[in-house]
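Below is one structure, written out as structure tokens; comments come after it.
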Amino acid sequence: MKLLLSIDGSRFSEAATQAVIAQFQPQGTEIKVLNVVDLSLPIPTSDAAGFRELSLKHGQELVQKAERALNQAGYKTQTAVEEGDPKSKIIDQATQWNADLIVLGSHGRKGFDRFLLGSVSESVSRHASCSVEIVRLPVT
């Protein structure tokens, strides 16, 4: 099975990583850990290059951390850091890599926050050509 694990460094992503470890056997499961850096916010020109570089470096650190946890659990992994719209990049990566399943966490935003920020998990689940598992944390 080819499983695309999309992470963003949140506690929801950590829950998704732990769900993969708990639910899937390492034998026969290949995992691609993906972080998408969304730089769509306007940044003053003098700061843009530095911010971009810092964001991509942070994304690389995130996927490496998840890769270490998955490797310790016995999974064969690879990583990718993409720049762009998370909704479309996750779907594109899953399609290009021929993923059987996409796993990602849900922030559970509602109302105005959901309107402003959108729901990556909802969009991915609607438009992906493979199955999608959305990991949610219990409401506290």
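Only lysines eight or more places from K32 in sequence, or on another chain, were considered; those with a Cα closer than 27 Å are K2, K57, K65, K76, K87, K89. Charge tally for S88 (other residues, Cβ to Cβ under 11 Å; Lys, Arg +1; Asp, Glu -1): -2.
Electrostatic bookkeeping for V37 treats Lys and Arg as +1 and Asp and Glu as -1; over the other residues with beta carbon under 15 Å from its beta carbon, the sum is -4.
Bear in mind these aren't lab numbers, they're just calculated from the coordinates by the rules spelled out. Remember, predicted model here, so these are calculated numbers, not experimental data. Glycine gets a Cβ as well: all are built from the backbone with ideal geometry, and neighbour counts include every protein chain shown.
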